[in-house]
Amino acid sequence: MEITAYSTTAKRKNHRPEAQFRHALDTCSKNNDLPGALALYQSADSKNIHLSAYHFNSLLHIFSSSLETLEKKEPTKQSVIENAFCIFDRMVATGATPTEATVTTMARIAARRPDSGGNMAFDLVKTMGDKYGATPKLRTYGPALFTFCRNGEAEKAYSVEEHMASKGVSPEEAEIAALLEVSARDGRGERVYGYLQKLRSCLGGINSSTATVLENWFSSEQAVEVGSLNWDADRVKDAILVNGGGFHGLGWLGSGGWEFARGTISVDGHCSCCGLRLLCVDIDQRETEKFAESVAGLAMERETRANFSKFQEWLDNHTFYEAVIDGANVALYQQNFADGGFSLSQLNVVVGELQRRNQGKWPLIIIHSKRYRVLMDNPANRQLLETWSAAGALYTTPNGSNDDWYWLYAAVKLRCLLVTNDEMRDHIFELLGRSFFPKWKERHQVKYSFVKGDLVLKMPPPYSLVIQESETGSWHVPLDENSQNESSRTWLCITRPASSKSLEVRYPRANHIAAVGIHNGEYLCYKNGTNLITRRKRKERSP
């Protein structure tokens, strides 16, 4: 009996006018039925149906979607826009608060107006906080930004971007490409340069439509005029080093026409078109310092402050390491068998290989003190541990500590390699909340394996999948492709032949520098990725 009563009640509820109205409205939304939705809206009053925020938002969504198919029917389109604003005004008047999604929908509708559409869309975004307490997202800015860019209203587009920045909203590829295109059409070379830098910082490969925008710019007469042959080569190199490699950010270099080619990058990083070797890009010096401070700050919140401070002081006096080893991670690798345990011999193989690769320099091995004491009880281990300690290659973390904080901080602070298979996805790494963490890992983490007892180190890639600007003024841009392997990925190679020839005369060695880095206050320049060819003290610059 209870089930029957419940079913009857539910059935009656579903036949109420409000339920029927909602069902009909959902059907209109599914079928993008604008006439049907408008008829429903007009009949709501006669049926005494109270329109909720859900109803208003559904109606406005149908209006927005329908406008995409009414582009060529100007009178009809204008009527739809006017009706949509009437519904929106009624929504506000009845006390139903518009959300960010509502404002985004209205911005899309407003942008369809042939006159002042972009202005109306932008006004909705600028006032949504004060009027409705809503916070804009990237999609909220899109209608105004793309309308201004499409109409060639560069200054208005820049105003939208400035407002985005004030709200902490960052543009992505579509928005940057639109800004880059309107700047290129307007002949604003410095703006184009700035958006190229933003493009490289927000993604790896670009899509084909963005590539077309770039090709149009570099083929234009305005692009020929930007830049100069008279630049300070040392200043450019310094900027590349400080920025982590891959770009200098000092503006266009060279003069004359550009050549635009498509090629591939070899396994060791050389461009098939111009022969330049691309770099493995690191986070810049300022980001590195902030990263180290962030790791230290979080460590001190969770570790005994005195213990971690002692480690920081010790590290300040031991800055000569080229690599840090997560000792437990290496020694416990594949030791989950009956006689397995903490394999000091396995760890020693990694230490020896790093020494061989770094001209005899010791790496820094991080091991927990509890583990160290157990190992020292075995005479077979004692001599090796004492050798490491005497060489200053071993640091034992105190009781109650988490090794992760120590090896991560050391690797970041010293800007050196980190040998671990730890994916660094645990909660402690999530606390860092840094978008550049994946980039840092790509450049610094060394993974390893033992194949039939032989050590295999997976070093950082020879080059990064990111837009790169060279010290000669050329550009290399990866395309976003589903390549089976990186060696088959298409890259745009953009060069200035006249400038390159002039540079070879003035700076004959400039094109031979393959990789750069900073360590212990010195610049290190490498040829063929490994052979040190230049080592000089870094010049301190005034802030």
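A compact table of results
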| read-out | value |
| --- | --- |
| For the stretch 225-240, Karplus couplings with θ = phi - 60° (6.51, -1.76, 1.60), whole Hz, Gly/Pro x | 7, 7, x, 8, 7, 9, 10, 7, 4, 5, 5, 5, 4, 4, 5, 4 |
| Backbone HN-Hα couplings from phi across the stretch 328-333 [Karplus 6.51/-1.76/1.60, Hz, Gly and Pro as x] | 5, 4, 6, 6, 9, 4 |
| The chain - mean residue ellipticity at 222 nm from DSSP helices (-39,500 (n - 2.57) per run, n ≥ 4, rounded to 500) | -16000 deg cm²/dmol |
| Residues with amide H under 5 Å from that of Ile206, placed H, sequence gap 5 or more | Leu479, Asp480 |
| The stretch 96-182 - accessible surface per residue (Å², probe 1.4 Å) | 42 |
| Average Cα contact separation per residue, the stretch 129-282, under 8 Å, 6 or more apart, as relative contact order % | 15 |
| The stretch 58-145: proportion of alpha-carbon pairs further apart than 17 angstrom, % | 43 |
| Using alpha carbons only: equivalent-ellipsoid semi-axes of the stretch 288-372, gyration tensor based, whole Å | 26, 19, 11 |
| Vicinal HN-Hα couplings computed from phi for the stretch 355-372 (Karplus, 6.51 cos²θ - 1.76 cosθ + 1.60; Hz; Gly/Pro x) | 4, 4, 6, 10, 6, x, 6, 6, x, 9, 9, 9, 9, 6, 4, 5, 5, 4 |
| Extent along principal axes [Cα atoms of the stretch 95-220; Å; largest to smallest] | 54, 31, 23 |
| Under 5 Å, built H, 5+ apart or other chain: amide partners of Thr397 | Ile367, His368, Ser369 |
| All-pairs alpha carbon distance profile, the stretch 19-85, 5 Å steps from 0, percent | 3, 18, 31, 24, 14, 7, 3, 0 |
| Sequence-separation-based contact order of the stretch 83-131, relative, with Cα cut under 8 Å and 6+ spacing, percent | 29 |
| Where only alpha carbons of the chain are counted, the Rg and the Dmax (Å) | 30.6, 98 |
| Heavy atoms of Ile366: accessible area, 1.4 Å probe, square angstrom to 10 | 0 |
| Contact order normalised by residue count of the stretch 133-186, Cα under 8 Å, 6+ apart, percent | 43 |
| Of Lys310/Lys441; Lys198/Lys310; Lys137/Lys413; Lys30/Lys198, pairs whose Cα-Cα distance is over 28 Å | Lys198/Lys310; Lys137/Lys413; Lys30/Lys198 |
| Per-q log10 I(q)/I(0), the stretch 342-467, q = 0.17, 0.19, 0.22 Å⁻¹ (Debye; single scatterer per alpha-carbon; no solvent) | -1.03, -1.26, -1.54 |
| Rounded percent of accessible protein surface that carbon and sulfur make up, the chain, 1.4 Å probe | 48 |
| For the stretch 156-250: rounded, prolate or oblate by the Cα gyration tensor [a/c cutoff 1.5] | oblate |
| Candidate residues Met376, Met424: accessible-area rank, largest first, probe 1.4 Å | Met376, Met424 |
| 5 angstrom amide H check on Val324, placed H, neighbours 5+ away | Leu364, Leu417, Leu418, Val419 |
| Accessible area in the full protein assembly, largest first, 1.4 Å probe, for Glu225, Glu471 | Glu225, Glu471 |
| Where Thr264, Thr105, Thr420 fall by accessible area, highest first, once all protein chains stay in place (1.4 Å) | Thr264, Thr105, Thr420 |
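The values are calculated or read from the model by the stated rules, or taken from the named source; none is laboratory data. None of these values were measured; they are calculated from a predicted model. Heavy atoms of the whole protein, side chains included, go into the accessibility calculation; ligands, DNA and RNA do not. Shrake-Rupley method; radii C 1.70, N 1.55, O 1.52, S 1.80 Å.
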